[in-house]
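This report refers to the structure that appears directly beneath it.
FYI, it's all coordinate maths here, none of it is from the lab. Remember, predicted model here, so these are calculated numbers, not experimental data. Note that each Cβ is placed from the backbone with ideal geometry, even for glycine, and that neighbours are counted across all protein chains shown.
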Amino acid sequence: MTIEPGVVAERVARVRARIRAAGGTDDAVRLVAVTKGFGVDAPAAALAAGVADLGENYAQEFEAKVGEIGTALAALGPAGAAAPAPRWHFIGRLQRNKVRLIASAVSLWQSVDNERLAAEIAKRAPGAAVLVQLNLSGEAQKGGCEPAVAPDLVAACTALGLDVQGLMGVGPAGPPEAARPGFRRLVALADELSLPERSLGMSADLEVAVEEGATIVRVGTDLFGQRPPRPTTR
Ligand SMILES: *Cc1c(COP(=O)(O)O)cnc(C)c1O
C-alpha cells in the first residue's frame, strides 16, 4: 500500500472543501488525519499537505510512527521540511498498561471512557488534554461511556487534574443520516457541560457532523484510501 503525497494533498483539499460546503470553516473545524493501519508515510504525507493533527488507534503502532516521523519527513525533501509540527491524537480503545508507552507524545486523548483509564493518564501525563468518549451506537466494541454517565466521568477527569476539552463520539455504521441523532445528543451534552470541543464525524458522515456542530472531524479512508487488513496477532 503505497501512499502518494501528491494524491494525499489533493484529497486533503477535497475533504476541506466538503467541510466548507457543509458550513464549516478551516478555523472552526479541525481535520484529524487518521493514519491507523498505514505506515509512517501516511502521517508524513498528511503533514506535508499541511495537516498537523494526526490520529492513531493502537499504542504500539503509534509509538513506532512517533519514532519514525522525522526520518519520513526528511525523505520528502522541501515539502517535509516545511511541514507543521505534528499533534498526535489518540482515538482508539486503550488499555491502561499501554498509557505509559505513548504518554509523552499524545497531545489530545480523545477516547477516555472510564475513570481507571483517566487515572492512569493523569498519573503518566499530569494535566493532559482529554475528550470523554460517548458511546453513541450502543455497540459495546466501539468503546465510549454511556451518555448518561458522561457528566460524572467529566467531573472525575477534572478532579484528577485533567484538562477536559470536550466530547468525542463515533456514529453508527450505515447511512450518514443515522449518525445525526447521536451527534445532536453529544453536542447538546457538550453545551450543557460548557465543553468547547466536539469530535464527531469520519469519512462517511463528516457533513452531518459539521452540520451538527463538530469542531473536530477524524478522517482516514477519504485521505489515504482503504486501510490494509489488520493482522490478527496484534
Ligand atoms: C478509524 C477511525 C476513524 C476514521 O475512519 P474513516 O472511516 O476511515 O474515515 C475515525 N475515528 C475513529 C475513532 C476511528 O477509529
Of the residues in segment 48-72, those that are crowded, with 18+ Cβ neighbours inside 10 Å and either within 15 Å of Val7 (Cβ to Cβ) or free of Cβ contacts under 8 Å to residues at least 12 places away in the same chain (or both) come to Ala48, Ala49, Val51
Here the residues within segment 202-223 that are buried (at least 22 other Cβ atoms within 10 Å of the Cβ), more than 6 Å from the ligand (Cβ to nearest atom) and part of a loop (DSSP other than H, G, I, E, B) are Asp205, Glu212, Ala214
task: Can you confirm whether segment 62-69 contains a residue that is more than 22 Å from Val112 (Cα to Cα), away from the ligand (no atom under 14 Å from the Cβ), out of contact with any helix residue (DSSP H, G or I) (no Cβ under 7 Å at 6 or more places or on another chain) and charged (D, E, K, R)?
output: yes
Counting only residues in segment 73-105 that are without any contact (Cβ under 8 Å) to a residue 24 or more places away in the chain, out of contact with any Gly (no Cβ under 9 Å at 6 or more places or on another chain) and in a helix (DSSP H, G or I), the one nearest to the ligand (Cβ to nearest atom) is identified as Asn97
Of (1) within 11 Å of the ligand (Cβ to nearest atom); (2) surrounded by fewer than 21 Cβ atoms within 10 Å (Cβ to Cβ); (3) part of a helix (DSSP H, G or I), Gln226 fails just (3)
